[in-house]
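Structure record follows, encoded as structure tokens.
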Amino acid sequence: MLTTSRRKFIGQMGLGSLAIFIPIGCTYKQSGIDIQGESPLHYKTIVEISKMIKSNEISSFDLTQLMLDRIETVDASLHSFLTVMKNTALERARELDKELEAGKYRGFLHGVPIAVKDLCYTKGVPTTGGLKVLSDFVPDFDATVVSKLEAAGAVLLGKLNLTEGAMVGYHPDFKIPNNPWGKDLWAGGSSSGSGVATAAGLCFGSLGTDTGGSIRFPSMANGIVGLKPSYGRVSRHGVLPLAESLDHVGPMTRCVADAAIMLEAIAGEDPNDATSLSEPVPDMLKDIDKGVAGLRIGFDREYALNGVDPGLASAIERVIEVLEGLGAEIVEVKVPDLTKVVKTWILLCAAEAAKAHEANFPSRSEEYGAYFREFLEIGHRVNPSEIADIRQIRESFSTAFRAMLSEVDAMLSPAAGSPFAIPEGLQYKSLTHWNEAISKILKASSTKHPAFFAFPHNYAGTPALVVPCGFSDKGLPYTMQLSGGFLEEAMLCRIGHAYEKATDWNLQHPPV
């Protein structure tokens, strides 16, 4: 299936004793494909693979078949997919090939195989949200984001695994996705399947959702790019909710330009979602190559580095050196106090989740897993006066956070800490068990809780971009987070793309 003709030694690059090898000349002989490239075909970017499709170097049908074959082989141990849509994917790819032959080209996503989190409605295909209580639910329409991806020419390979209800724990009827960098490692949540499938080369990009870090946690854990857009930039119509005022839908990819392409495809006003914004969607690639010279990058050293894994802290310091070398100015900023944000996010999210599940909980509580059941019980105990207080705290923090971000073009921080090992079976246990175990893990590694880097952006509704930025001495990926002002996704992609071009971290993939 794969013959590696040569390997490029990347070397130390500040990685201690780690030696990383990347295959750069590979031959594929599967499904009628025999293509030479600088990287395995399944690890190419959307930008790269779209050029090959457009120039007829490869057909969408053959590419889709190759990806389906890879899913069948590799995902048997990774468990990133819940539903593989083999027949519809091949039929769709064949149709798109015919369109291309007839001179109709839809753009970068034409004929490109992608996948979506199993929160997104797909007409005639099960949408479970990781919930046993929805195991028989088959929507009769597509989510807006799915319709938009189809309009852009994407081929939907299937539906991706996730935590129950998009919170943290899993229902015991569902398998837990395995991190391709190490089976004992947390794969992130809740978009764990999206992170695993994208990192492992099982799709060229995926959709995740983010209520309190659920795009960014798995992007961190799996060493990929993740873009949480501004609240309202992307429609949530036809996406199972966790917490309506905190939920976001966004792309997860292997390079920044790909995230920009996918965001542009799914963004825009939707009459079916009153929270979607009327602001026009920008050309996300128009300024992506402008570089960072003269841009102001905010940095709160206490917030970014205190209580962070020392290796990750060093990697962030090196990011600063790279950005300064490219002409950016690093500006001192101060992140508003997060104490109340972290405490109140749980209550607000739980209360909104309880409302979202009122048709099935508590009437069918025995069908819920231990973690999500306990989380929904918390939500039922939150009273209206508490919600009123939380909304005041949220508004005050959001105003201060947005004001801070308005002073710079972006802010730099870690994405959500660094990958960590997790006890087997923990993710099937209760919220109480999870919190106790995670507290011990974080304390043992002297690491700040990932929520401090994630929750602020969901409260303020501001965009955040995760980009790979190094490796630990154990060979695990490090990532950074670029935070931007409201609707400044294009600026974040410009900065992330410039950093990416100056490094090669996103070209390094797990050994699967």
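The values are calculated or read from the model by the stated rules, or taken from the named source; none is laboratory data. Please read these numbers as outputs of a predicted model, since none were measured by experiment. Cβ coordinates were reconstructed from backbone atoms using ideal geometry, including for glycine residues, and neighbour counts include every protein chain displayed. SASA here: full protein model, heavy atoms, side chains in, ligands and nucleic acids out. Shrake-Rupley method; radii C 1.70, N 1.55, O 1.52, S 1.80 Å.
Hey, could you check region 251-271 for residues that are among the acidic types (Asp, Glu) and farther than 14 Å from Val146 by Cα and say which is most open to solvent (accessible area, probe 1.4 Å)? Steps first, answer last, please.
Within region 251-271, the first condition is being among the acidic types (Asp, Glu), and the residues that meet it are 258, 264, 269-270.
If we keep only those that are farther than 14 Å from Val146 by Cα too, we end up with 258, 269.
Working: Asp258: 1, Glu269: 114 Å².
Out of the qualifying residues, it is Glu269.
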Any pair with Cβ under 6 angstrom, 6 or more apart, that starts in region 286-303 at a residue that is over 25 Å from Val47 (Cβ atoms) and ends at one that is assigned to a loop (DSSP other than H, G, I, E, B) and open to solvent by 60 Å² or more (accessible area, probe 1.4 Å) | Asp300/Lys334
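Just for region 368-413: of the residues that are within 30 Å of Glu324 (Cα to Cα) and over 24 Å from the mean Cα position of the chain (by Cα), which one is most open to solvent (accessible area, probe 1.4 Å)?
Filtering region 368-413 for residues within 30 Å of Glu324 (Cα to Cα) gives 397-413.
Applying the additional criterion that residues be over 24 Å from the mean Cα position of the chain (by Cα) yields 397, 399-400, 403-404, 406-408.
Values: Phe397: 12, Thr399: 90, Ala400: 43, Ala403: 49, Met404: 11, Ser406: 91, Glu407: 111, Val408: 16 Å².
Among those that are within 30 Å of Glu324 (Cα to Cα) and over 24 Å from the mean Cα position of the chain (by Cα), it is Glu407.
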Check whether at least one residue in region 436-451 is hydroxyl-bearing (Ser, Thr, Tyr), open to solvent by 10 Å² or more (accessible area, probe 1.4 Å) and in a helix (DSSP H, G or I), and report yes or no.
-> yes
Filter region 46-57 for residues that are touching a residue at least 24 places away in the same chain (Cβ under 8 Å), open to solvent by 10 Å² or more (accessible area, probe 1.4 Å) and in contact with a Gly (Cβ under 9 Å, 6 or more places away or on another chain) and give the result.
-> Lys54
Exactly one condition in (1) open to solvent by 10 Å² or more (accessible area, probe 1.4 Å); (2) not in a loop (DSSP other than H, G, I, E, B) is not met by Arg236; state its number.
-> (2)
Filtering region 491-512 down to residues that are modelled with pLDDT under 95 and in contact with a helix residue (DSSP H, G or I) (Cβ under 6 Å, 6 or more places away or on another chain), which residue is surrounded by the fewest Cβ atoms within 10 Å (Cβ to Cβ)?
-> Val512
Within the bounds of region 296-311, is there any residue that is in a helix (DSSP H, G or I), open to solvent by 10 Å² or more (accessible area, probe 1.4 Å) and polar (S, T, N, Q)?
-> no
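Residues checked against (1) farther than 19 Å from His457 by Cβ; (2) of a type outside the set (Gly, Ala, Ser); (3) in contact with a Cys (Cβ under 8 Å, 6 or more places away or on another chain):
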{"residue": "Glu279", "(1), (2), (3)": "no, yes, no"}
{"residue": "Pro282", "(1), (2), (3)": "yes, yes, no"}
{"residue": "Lys290", "(1), (2), (3)": "yes, yes, no"}
{"residue": "Ala293", "(1), (2), (3)": "yes, no, no"}
{"residue": "Ile316", "(1), (2), (3)": "no, yes, yes"}
{"residue": "Val319", "(1), (2), (3)": "no, yes, yes"}
Residues of region 135-184 satisfying the condition of being over 20 Å from Leu68 (Cα atoms), surrounded by fewer than 18 Cβ atoms within 10 Å (Cβ to Cβ) and not acidic (Asp, Glu) | Ser135, Phe137, Val138, Pro139, Phe141, Ala151, Pro172, Gly182, Lys183
Looking for whichever is among the β-branched types (Val, Ile, Thr), under 30 Å from Trp186 (Cα atoms) and touching a Gly at 6+ places or on another chain (Cβ under 6 Å) here; the options are Ile224, Ile215. Which one fits?
-> Ile215
Matching residues, region 259-278, being touching a residue at least 24 places away in the same chain (Cβ under 8 Å), out of contact with any His (no Cβ under 9 Å at 6 or more places or on another chain), in a loop (DSSP other than H, G, I, E, B) and under 29 Å from Ala451 (Cβ atoms) = Thr275, Leu277
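Can you give me the number of residues within region 272-286 that are within 28 Å of Ala502 (Cα to Cα) and loosely packed, with under 14 Cβ neighbours inside 10 Å? First the steps, then the outcome.
Our first condition is that a residue be within 28 Å of Ala502 (Cα to Cα); within region 272-286, this holds for 281-286.
Still in the list and also loosely packed, with under 14 Cβ neighbours inside 10 Å: 283, 286.
The total comes to 2.
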Matching residues, region 207-231, being open to solvent by less than 10 Å² (accessible area, probe 1.4 Å) and at positive phi = Gly213
Matching residues, region 59-72, being surrounded by 22 or more Cβ atoms within 10 Å (Cβ to Cβ) and more than 24 Å from the chain's Cα centre (by Cα) | Ser60, Phe61
If a residue has to be open to solvent by 40 Å² or more (accessible area, probe 1.4 Å) and either assigned to a helix (DSSP H, G or I) or farther than 24 Å from Ser398 by Cα (or both) to count, how many in region 471-490 make the cut?
-> 2
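Test Tyr459 against the criterion of being open to solvent by less than 10 Å² (accessible area, probe 1.4 Å) and under 20 Å from Ile46 (Cβ atoms), and give yes or no. Working first, answer last.
Numbers: open to solvent by less than 10 Å² (accessible area, probe 1.4 Å): yes; under 20 Å from Ile46 (Cβ atoms): no.
So Tyr459 fails the test.
Looking at region 318-330, which of its residues are in contact (Cβ under 8 Å) with a residue 12 or more places away in the chain and not hydrophobic (A, V, I, L, M, F, W, C)?
Arg318, Gly325, Gly327, Glu329
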Return yes or no: is Leu431 among the hydrophobic types (A, V, I, L, M, F, W, C), open to solvent by 40 Å² or more (accessible area, probe 1.4 Å) and touching a residue at least 40 places away in the same chain (Cβ under 8 Å)?
-> no
Which of the residues belonging to region 364-400 are in a helix (DSSP H, G or I) and among the charged types (D, E, K, R)?
-> Glu366, Glu367, Arg373, Glu374, Glu377, Arg381, Glu386, Asp389, Arg391, Arg394, Glu395
Among the listed residues Lys340, Lys334, which satisfies the condition of being assigned to a loop (DSSP other than H, G, I, E, B) and over 30 Å from Leu134 (Cα atoms)?
-> Lys334
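Being assigned to a helix (DSSP H, G or I), touching a residue at least 24 places away in the same chain (Cβ under 8 Å) and not basic (Lys, Arg), is that true of even one residue in region 414-427?
Step one: list which residues in region 414-427 are assigned to a helix (DSSP H, G or I), which gives 426-427.
Filter once more, so that each one left must be touching a residue at least 24 places away in the same chain (Cβ under 8 Å): 427.
Next, only the ones that are not basic (Lys, Arg) stay: 427.
Within region 414-427, one or more residues are assigned to a helix (DSSP H, G or I), touching a residue at least 24 places away in the same chain (Cβ under 8 Å) and not basic (Lys, Arg).
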